[in-house]
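The values are calculated or read from the model by the stated rules, or taken from the named source; none is laboratory data. The shown structure was predicted, so the numbers you read here are calculated from the model rather than taken from an experiment. Cβ placement follows ideal geometry from the backbone for every residue including glycine, while neighbour counts extend to all protein chains displayed.
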Amino acid sequence: MSLNTCKYGFSLGLIALLISVNLAWAGNQKQAVKSITLEEIQQRIQSTKDRQNVSEEQKNRILSAYQESEDNLRQAQRQEELAETFKRSTRNLPLDAKQLQAQIDGTGAVLKQRKPEKLASFPADEIEQRLVMEKTRLSDLDAEIAKHEALIAELTNSPQVIRETMAEIKTKQSATQQEQQRLTDKNGENLLEKEARQIQLETRIRLFNSTLKTLGLESIGNPLQLQLQKDRMHLLNLQREAQMLLIGELEAALLDKRQQEIDKEQAALLQAEKDAEGKHPLIREATKENMRFNRDLQAVNKHIELYQTQKTELDARSQQIEKDFQSAEQKISLAGLSPALGNLLREQRRNLPQRK
């Protein structure tokens, strides 16, 4: 059995677990939380505002409870939508992984069998234009790689974030349930305010349940999502390797073309000097002066090419430093889950070269 087949089997098993978790959660949800709709909450808010026989202070407490209930239901709905998104993406993961693996295999095979491009017949200006275009593509690839590095870092840290978030929500959920019990046992409270408070706590529980469901689905899909992003990174690195080979060939071809032009100019100058022998001294002197100017021009051109090469290297280094800073900032923002990890990442960032 191939490694890919094992991964797909593992994926299907996770999806089956996902569905069973959803069904169990749905059953518990129906039993645990009273269904009150957003429209009903909004009607209660308006009704409370219109009441005349309630003090302003009490009315504000009732409205505050209903407004939180309204917000809880909106957030719970967003969590439900997010949960559906996680379910769909997890179902698609095996097919996505299979297609991505085919791309990796194809790109790797092409890279192994790759032969240098035949560039000798192209003029220098066309090669130079092509070089600029391919370097732009390389820059785009580097940006894509940096984005996937940040995503992989986020997915790597997600399990710990999810565990801590779920533990925090369960603690709040337990406290809310205890508050519900105390409210049920409490006598003598205004019925309107008590009912508003009950609905507030019930919708809070509903939001907790929806969020736990979403986090559970995210946790189930995380290992596959992480592996998929690592595979995408592998593909991008293969594409970058091919791009670097092409750029190297273009640079070598351009250098060769320029050297040919220099050699041709040198030969023409030598021939001109030879042709000037035996002619009038003024002609010989003018020819020598022309040769000197041409040599100076060649030296200037070499300095310009050297400057352009150094500038390209410095620009690439500057872009890499910028990416390192961005990556460090993203990782630090994710490292709020662990003070030790955050301190480590900040130390790594301090070790980066300083931007000018």
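Before moving on, here are some points about what is shown:
- Here is the figure for region 109-127: residues that are assigned to a helix (DSSP H, G or I) and exposed (fewer than 15 other Cβ atoms within 10 Å of the Cβ) total 7.
- Filter pass, residue 62 being touching a His at 6+ places or on another chain (Cβ under 7 Å) and surrounded by 13 or more Cβ atoms within 10 Å (Cβ to Cβ): no
- Taking the listed residues 176, 184, the one that is of a type in the set (Val, Ile, Thr) and at pLDDT below 95 is 184, with no other qualifying.
Yes or no, residue by residue, for (1) closer than 24 Å to residue 129 by Cα; (2) out of contact with any Leu (no Cβ under 9 Å at 6 or more places or on another chain); (3) modelled with pLDDT of 85 or more:
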residue: 244; (1), (2), (3): yes, no, yes
residue: 248; (1), (2), (3): yes, yes, yes
residue: 256; (1), (2), (3): yes, no, yes
residue: 266; (1), (2), (3): no, yes, no
residue: 271; (1), (2), (3): no, yes, no
residue: 279; (1), (2), (3): no, yes, no
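- Scanning region 80-133 for residues that are aromatic (Phe, Trp, Tyr) and touching a Gly at 6+ places or on another chain (Cβ under 8 Å) yields a total of 1.
- Selection from region 64-76 of residues that are in contact (Cβ under 8 Å) with a residue 24 or more places away in the chain and either in contact with a strand residue (DSSP E or B) (Cβ under 9 Å, 6 or more places away or on another chain) or of a type outside the set (Gly, Ala, Ser) (or both): 66, 68, 70, 72, 73, 74, 75
- Single condition residue 88 does not satisfy, out of (1) loosely packed, with under 14 Cβ neighbours inside 10 Å; (2) over 24 Å from the mean Cα position of the chain (by Cα); (3) of a type in the set (Lys, Arg): (2)
- Residue 150 vs. criteria under 24 Å from the mean Cα position of the chain (by Cα) and either in contact (Cβ under 8 Å) with a residue 12 or more places away in the chain or under 26 Å from residue 239 (Cβ atoms) (or both): yes
- In this entry, residue 158 passes the filter for residues that are on the phi < 0 side of the Ramachandran plot and touching a residue at least 60 places away in the same chain (Cβ under 8 Å).
- Meets criteria (touching an Asp or Glu at 6+ places or on another chain (Cβ under 6 Å) and within 14 Å of residue 234 (Cα to Cα)) for residue 141: no
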